[in-house]
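Nothing in this text is a laboratory measurement; each read-out follows from the coordinates by a stated rule. Computed from a predicted structure; not experimentally measured. Positions of Cβ are generated from backbone atoms using ideal geometry, with glycine treated the same way; all protein chains shown enter the neighbour counts.
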Amino acid sequence: MEIVMPKMGESVNEGTIIKWYKKIGDKVKRDEVIFEISTDKVDTEIPSPATGTITDIKVNEGDTVEVGTVVAVLETNGEAGPGKKEGSTTGIQKSSEVASIDENVDAEKQAAAANGILEVAMPKMGESVMEGTVIKWFKKVGDKIDRDEPLFEISTDKVDTEVPSPVAGTVAEILVAEQETVDVGTIVVKIAAEGGTEVQQSSPQETVRQVEEQAAAAVSMHDNFSGARLGIKQENVKSNRFYSPLVLNISQKENISFAELENILGTGLNGRVSKKDILSYIEKRKAGKVKVPAQKQAVAQTYTPSESAVIPVSGEVEKIPMDNIRLKIMEHMVASRDTSVHVTSMVEVDMTKIDNFIRENKDEYFNRDGVKLTYMAFVADACVKALKAYPLVNSSIEGTTIIRKKYINIGIAVAVEPTGLIVPNIKSADQRNITGLAAAISDLAYRARNKKLTPDDISGGTFTITNFGVFGTVFGLPIINQPEVAILGVGAAIKRPVVVEVDGTDAITIRPIMALTLSHDHRLIDGMLGSLFLKYVKETLENFNPISV
Amino acid sequence: MQKQYDIAILGGGPGGYVAAIRAGQLGFKTVVIEKANLGGICLNWGCIPTKSLLKNAELYDSIKNHGADFGITAKELTFDFNKIIRRSRNISDRISKNVEFLIKKNKVDRIRGFGKFKSKNELEIFDEKGTKIDSVKAGKIIIATGAHSKTIPAIPVDFKNIITSKEAMILPEQPEELIVIGAGAIGIEFAYFYAILGTKVTVIEMLDHILPIEDEEISKELEKSFKKRKIDILTKATVNKAVLKGRKVEVTVSVNGETKKLTADKVLCAIGVTGNVEGYGLDKLGAEIYKNSIKVNKETYETNVHGIYAIGDVIGPPWLAHVASHEGIRCVEGIKGLKNKPIDYNNIPGCTYCQPQVASVGFTERKAREAGYDVKIGKFPYMASGKAFAVGEREGFVKLIFDAKYNELLGAHIIGAEATELIAEVVMARELEATAESIMKTVHAHPTLAETIMEASAQALGEAIHI
């Protein structure tokens, strides 16, 4: 069977092989890591889809290939793999419509199924979904089940859905308990097809196609029109705007980047970019009246000077090519600096109450919930509250329009050694309490450091928190994570003598004091709003009430 | 006491009554002043009654000329001309009453009478005899007075033998011979109607082809079809004069330098329409008029006189009911302060309801080339459509004009059965800026005539399946 470059997200069209863990002739087990890839969104390790022997490696380390390109060939010792058992696999049921039109073919499949035990795998519920949780079993071992009858219900971070049985028969074995989360492709149940004994395994990709198609449709109707399918070259096709086929054709022919397209002011219905708008943009661009958006410019700025400029050296040097992540960080930082007008304000927060609470309760929380209480969870919670009070901080700028987001996804900057930095975000952070936030932060940090993040984790953030305090830094001036408009830097809490008022008398006492710095985009957030936001965070933290945990 | 309105609308045609209803919906205190039944020419003397007449002709045409193909024959096939006319009149009356009801439902006042400006905020209303019966004041006044048939001295219309479209749809008896002067939509529809019923019809057109504003290929196809139906067509022909000789009319025509004399019972003057800009005190206001049309800003529909607006036929071409209605809606919404995308006057469908029907939108091939486009043509004949075959409508084709650079749909031209219904898809495609690829990739139901549009798009890209 052939192993291809996987698609790591809707907008990811290519990937770089960073490392091969196996060489030709090596034996691999199913789910054993065979290579590591890097895309512009995320780095990840790719497990083997089946047990077998690597017979060919077609792409070298460091090479970048398009999604879908065959990178290796696996000899599977006769075990079923995707594509191999097309004709005889029993699980293939694209949809009921297809089944009814194509009854003869289907009948053949059923006949084949009648002889075997079918293994049903956790379906893949979307491009970026890697695992799923079995929420409920509708059948138990020994139960009879009809084809298409709901077998179990699963939940993933994208959709919840019922998985129907691909075949009529009897439930022979249930391998995953309710509430258990397993990787996509893991066998969750075995069904003895009517009248059969021969063991068959359905290839996960095919068994799940039916549900996957539904899920894909549910997840992203918009993408059908967003240009990817029309062949337009885009760095990122996720957009909330609709572009007409004509506008997409023009942007492709005229080399308008997606970032540029996103910045064109639309005069059509509901602000839609019309042919007229894009043509007038092209005219202006030709006349040099348009500043090509920062993102694009940044690429030019970052790459060209480093190639042309001569760095004077007066001793031995080592030249280290930047890896993908480093290049991306460089690009994003320059783009952010060129896009946003950074202004930074600072407050000092007395962390006494929180410090006391953590000290007194951290063991209990760890033993009870497995959650490590840290300052970060409290800061995140205070930020959520402040974002609710000042929703403009939870916005983006699109051309001359303010996009005020009604959802709060808090990004947490995680240092990943040795490559650098990544900012996964806590989805719907406003739906979590402090314990929930603490759990989410430690989960994201763990997955970031172990290359388990999905593209979903790192897209859609609305506000970012960066904690340089863990390294002892007292305060810093963070750079905004685009397209957000503010970022909070968290400094180290340091015991300092401070003046407090006790019973109407000033006294000097020792308190843990933490500096919070807010860098905000002055295009949208003026000093007053920035200060009010910080004040709100400060007061929330200082007036911390344990009941809120 | 004199009534005060937010908006007064002069004229209750498809521009005026639609504007009135929209104004009512938006909460304006509105009055519409119309001397006759609501619905204007369109509903009473144009679009609707002629479509009713044409249905008779189509039905008769189908049974008489194609019935045998379907195994349907009649020993003696007859029709009652007066009943045909009566049916048409009844339909107009019924719909006009429905419009009166809609007006009332939307709390719009209706004054039957002839309105004249007293000042820019005041209208006086007169009855048929010229007696003043009412007067109203209004903050804004919308002129929607429409248009009437254009006449020229060489063709002295007497409304009996030399007639306009209005008389043509209520003739007391079927003429044996009819000369139609002007081969625009109106002339062509009457030519078809009367020719099918057995009248000897001659069409005279000054320009190169009948339906001269359509794409040339379409006009030529229709000429072929009309000639098969024994309709005489004289193009590049100028009428020198038309005179009454006894009970017949003699028409002198110059064709290619030759002078011909033709005679007929009736002569229909269908050389176009012209705006109703006189007789209601427009001159007093100082509203600017150009070529018998009121000049307006085509986004707000305001005239040069503040607070006075004009919509529909009275502001000039394209003289179409559907344009008047949309102008009316936009005008009122503009007064309300709602934002609108202006009408794209290059995306107005035009329809002619003879058989085969003709419908088009946007650029013709020639106009597109003149505008500097590098064009790509997609054509698909009805002959290759399964549905057209099944229903016995194999005449006609779809022609789509694309810009070769971006594959934008620049224009669409359809001749054939149901063309006037099919055109809606292409207008929408243009409005939403579809391209050849996106039309081709849109799943069309099978079997339908609409598939011809999908196939024509595919043909432009060299990917047509059924041709």
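With a simple spin-label model that places each label point 7 Å from the Cα along the Cα-to-Cβ direction, the separation between residue B:343 and residue B:374 comes to 3.5 nm. Using a Förster distance of 60 angstrom, determine the FRET efficiency expected from the C-beta separation of residue A:443 and residue B:127, and round it to 0.05. Between residue A:443 and residue B:127 the formula returns 0.10. Residues whose amide H comes within less than 5 Å of that of residue A:349, counting only those at least five positions distant or on another chain, are A:514, A:515, A:516 (H built at 1.01 Å from N in the peptide plane).
Per-residue extension of 0.36 nm, minus the Cα-Cα distance of residue A:317 and residue A:505, leaves a gain of 61.5 nm for this segment.
Which of B:129/B:336; A:27/A:58; B:97/B:120; B:150/B:284 have a Cα-Cα distance over 26 Å?
Correct reply: B:129/B:336; B:97/B:120.
Shown in residue order for the range A:64-70 are the 3J(HN,Hα) couplings computed by the Karplus curve 6.51 cos²θ - 1.76 cosθ + 1.60 at θ = phi - 60°: 10, 10, 6, 4, x, 5, 6 Hz (x for Gly and Pro). With a Förster radius of 56 Å applied to the C-beta separation of residue A:240 and residue B:36, the computed FRET efficiency comes to 0.65.
In order along the range A:276-282, the phi-based Karplus estimate (6.51 cos²θ - 1.76 cosθ + 1.60, θ = phi - 60°) of 3J(HN,Hα) comes to 4, 4, 6, 5, 6, 4, 5 Hz; Gly and Pro are listed as x.
Starting from 0.36 nm per residue, how many nanometres of slack lie between residue A:33 and residue A:181 once their C-alpha separation is accounted for? Write down the numbers at each step before the final one.
Working: separation 148, 0.36 × 148 = 53.28 nm, distance 1.95 nm.
Net length gain for the segment: 51.3 nm.
Annotation: amide H of residue A:21 within the under-5 Å range of A:35, A:36, sequence separation 5 or more or interchain, hydrogens built in the peptide plane.
Give the percent of DSSP beta bridges with both residues in the protein assembly as shown that are antiparallel, rounded to the nearest 5. Before the final figure, lay out each step's value.
Working: 132 of 176 bridges.
Around 75 percent antiparallel, to the nearest 5.
Working from label points 7 Å from Cα in the Cα-to-Cβ sense, the residue B:236 to residue A:341 distance is 6.9 nm.
In terms of other Cβ atoms within 10 Å, B:351, B:42 run from fewest to most in the order B:351, B:42. Averaged over peptide A:265-276, the number of partner chain Cβ atoms lying within 10 Å of each residue's Cβ comes to 2. Ordering B:202, B:372, A:44 by the projection of their Cα atoms onto the charge dipole of the protein assembly as shown, which places +1 on the Cβ of Lys and Arg and -1 on the Cβ of Asp and Glu, puts B:202 at the extreme positive end.
For the range B:420-437, the residues whose amide N sits under 17 Å from a probe point set 7 Å from the Cα of residue B:298 along the beta carbon direction are B:431. Cβ crowding within 10 Å ranks B:443, A:12 as B:443, A:12, fewest other Cβ atoms first.
Listed by Cβ neighbour count within 10 Å, with the fewest neighbours leading, A:494, A:282, A:487 appear as A:494, A:282, A:487.
Label sites at residue A:60 and residue B:366, each approximated as a point 7 angstrom past Cα along Cα to Cβ, lie 6.4 nm apart. When the charge dipole of the range B:54-103 is built from unit charges on Cβ atoms (+1 for Lys and Arg, -1 for Asp and Glu) and taken about the Cα centre, the candidate among B:63, B:79, B:95 whose Cα reaches farthest toward its positive end is B:95.
Only aspartates and glutamates eight or more places from residue B:160 in sequence, or on another chain, were considered; those with a Cα closer than 12 Å are B:173, B:265.
Distances between placed amide hydrogens fall under 5 Å for residue A:151 paired with A:163, A:165, all partners being 5 or more residues away or on another chain.
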